[in-house]
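One structure below.
None of the figures in this text is laboratory data; all of them are computed from the coordinates on show. Being a predicted model, the structure only gives us computed values, none of them experimental. Cβ placement follows ideal geometry from the backbone for every residue including glycine, while neighbour counts extend to all protein chains displayed.
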Amino acid sequence: MMNNLFSIFDPSTTIINLNLNWLSSILILSFLPPLYWLIPSKLSSLLISLTSSLKKELSTLLGPSYFTSSPLILITLFLFILTNNILGLVPYIFTASSHLSFTLSLAVPLWLTAILYGWLQNTIHSLAHLVPQGTPNALMMFMVCIETTSNFIRPITLSVRLAANMIAGHLLMTLLSNALANINFMAYATLVPTQLALITLESAVAIIQAYVFTVLTTLYISESN
């Protein structure tokens with residue numbers, strides 16, 4: 001039962017040993033042409049408003065010493081994750097963001113770039129960050145170990161948080177949909193509203209997790225400046 005349940009996350013659609021389900025992560029390209037129409041649409045207006053608000057918040061978190069292109073890169077990251085999360089709620093579309101291979105490929109390069117930049121450009125600041133201000137001399141060695149470990153597990157926590165939240169919601173929806181096939185009418189009338197409420201919750205989770213991933217990445221980058 002458990003193997004069949006988790007098999008819904010397997011990229012099993014293959015042709016010539018190519019996992020075609022991963023192509024769902026580039027479906028965002030199909031949404032781009034309407035944004036370039038001469039007449040502004042509601043979608044483009046919503047996107048402009050969203051990116052403007054997000055740019056102000058990310059610029060505040062990054063501080064005055066960030067690169068000009070940094071908010072643009074982070075906004076692109078947010079929209080990419082958000083699109084994959086929402087597309088995963090559509091039937092018969094593969095949820096790429098529920099796999100660690102997808103989330104790690106986003107978290108590790110960003111984290112590694114921020115770490116290398118911080119240590120190469122602000123070495124003294126990076127070393128001082130390992131020992132919080134006011135730490136007793138007897139605890140300095142332990143604090144260095146703790147801070148070093150916390151820095152190295154950051155990409156793992158980012159990746160696992162996103163993948164786990166997407167997997168949990170999809171598993172609940174799968175369990176409910178399987179239960180709908182073997183119940184009477186009275187139970188059916190109860191489970192259908194529950195399924196609709198769960199889909200609404202998962203839509204909110206898809207947006208929140210994309211936002212959390214982006215904000216935490218921004219905070220990690222700001223610490224290296």
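Evaluate the distance, in nm, between pseudo-label points positioned 7 Å from the Cα of residue 204 and of residue 124 along their respective Cα→Cβ axes.
Going by the 7 Å Cα→Cβ label model, 4.8 nm.
What is the packing order of peptides 168-174, 116-122, 158-164, 81-87, taking the mean over residues of other C-beta atoms within 10 Å and listing the highest first?
81-87, 158-164, 168-174, 116-122
Using a basic spin-label model with each label point 7 Å from the Cα along Cα→Cβ, how many nm lie between residue 93 and residue 223?
3.4
So how far, in whole Å, is the C-alpha centre of the stretch 165-205 from the one of the stretch 65-129?
31
Per 0.36 nm of contour for each residue apart, how much would the distance between residue 141 and residue 197 grow if the chain were fully extended, relative to their Cα-Cα spacing?
15.2 nm
Could you tell me the calculated FRET efficiency between residue 211 and residue 149, based on Cβ-Cβ distance and R0 = 35 angstrom, to the nearest 0.05?
0.85
So for the stretch 104-225, considering every pair of alpha-carbon atoms, how many percent are separated by more than 21 Å?
In whole percent, the long-distance tail amounts to 57.
With θ set to phi - 60°, apply the Karplus curve 6.51 cos²θ - 1.76 cosθ + 1.60 along the stretch 155-160 and write out the HN-Hα couplings as whole Hz, x wherever there is a Gly or Pro.
Result, rounded to whole Hz: x, 5, 5, 4, 5, 5.
Report the FRET efficiency, 1/(1 + (r/R0)^6), for residue 51 and residue 178, where r is their Cβ-Cβ distance and R0 is 45 Å, rounded to 0.05.
After rounding, the FRET efficiency stands at 0.70.
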